[in-house]
Every structure is written in structure tokens, then in C-alpha cells.
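I have placed the structure first, in the form of C-alpha cells, so that the comments after it can refer back to it.
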Amino acid sequence: MLDQRTGPYGAFILRCVLGALLIVHFLNKLLIFTPAGTAHMFEGLGLPGGLAYIVMCTEVVTGTCLILGVWPRAAALLALPVLVGAIVFFHVHNGFAYNAPRGGGWEYPGFWAVALLVQALLGDGAYALVNTPLPAALAQVDRGHSA
């Protein structure tokens, strides 16, 4: 059972860390690889170069939303395909261990993807500025009532 006294603070900490990591990942693409270099890397993977810009926008927007607590559940779910895509198109070919040569394996992005899913399941957490709106049936379940 989730501890109702401390659970929201755990979700808050997780939310902030996930958001910070997404922003750092975005900054890595922006400042180190450059947007054009990131697009070129995507093309080298057989993906459209324009997808790099969508991924970068997704990382910075969802990261900011997670930190501020603006629709955090939705932000976590929107960031999830970015990590799954990174696993499928880049990291899976390098094996499991993230310290593997040639760009690291899927260990770290896999854990990160699971953490995003856990965030969505836990809820918005403490100090959320704008809670994620839920359909009526889910909102009743979320409050501990049966649907």
C-alpha cells in the first residue's frame, strides 16, 4: 500500500529528477551535438532528420512540465516514447550495459522509461502547479473509490 503521508513527496522528487534529466538530455543535443548534428545522427539511424527537432522539443517541454508540476502524468507519458525510441533505434544494438562501447546499451534509457511510467502511475505528486486532468472514471479510481 502506498504511504499517503510520504507518497506525494516521493512522486514529487521523482518528477523533479525525471524533468531535470530530460532537460539535460535536451541540452546535450542543443549545446554539444547541435540541433543539426542531432538531425544528422537521426538520419544515420534511418530516421527523418526533422524528428530530432520534435524529440528535442519534447524533451525540453516535458522536462519543464515535470519540474513545475504542469500536467505531470501527461508529461511523463509524452516523454516515454522518446526513451523507447532511443532504446529501439540506438541503444538496443549496443547490448545491455550502459558503459558498453559505441554509445552505451539500453540499461539506462530502459530504467528511465520505466521511471517515467511509474511517475504516470503514481500521480502528480506534491507541489504540482496544474494537476493532470483525468477522465471521470479514472479520477474516481485515483481517489480510492471504485469505478
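The table for this structure:
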{"item": "Test result for Arg73, modelled with pLDDT of 95 or more, under 24 Å from Asp124 (Cβ atoms), touching a Pro at 6+ places or on another chain (Cβ under 7 Å) and surrounded by 13 or more Cβ atoms within 10 Å (Cβ to Cβ)", "result": "no"}
{"item": "Residues located in the range 79-104, provided they are farther than 20 Å from Glu43 by Cα and either part of a loop (DSSP other than H, G, I, E, B) or among the acidic types (Asp, Glu) (or both)", "result": "Gly95, Phe96, Ala97, Tyr98, Asn99, Ala100, Pro101"}
{"item": "So Trp106, is it touching a strand residue (DSSP E or B) at 6+ places or on another chain (Cβ under 8 Å) and either farther than 20 Å from Leu14 by Cα or buried (at least 20 other Cβ atoms within 10 Å of the Cβ) (or both)", "result": "no"}
{"item": "Residues satisfying the stated conditions in the range 21-55, i.e. over 18 Å from Leu80 (Cα atoms), crowded, with 18+ Cβ neighbours inside 10 Å and of a type in the set (Val, Ile, Thr)", "result": "Thr38"}
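The values are calculated or read from the model by the stated rules, or taken from the named source; none is laboratory data. This structure is a prediction, so every number in the text was calculated from the model and none was measured. For neighbour counting, all protein chains shown are included, and Cβ atoms are generated from backbone atoms with ideal geometry for every residue, glycine included.
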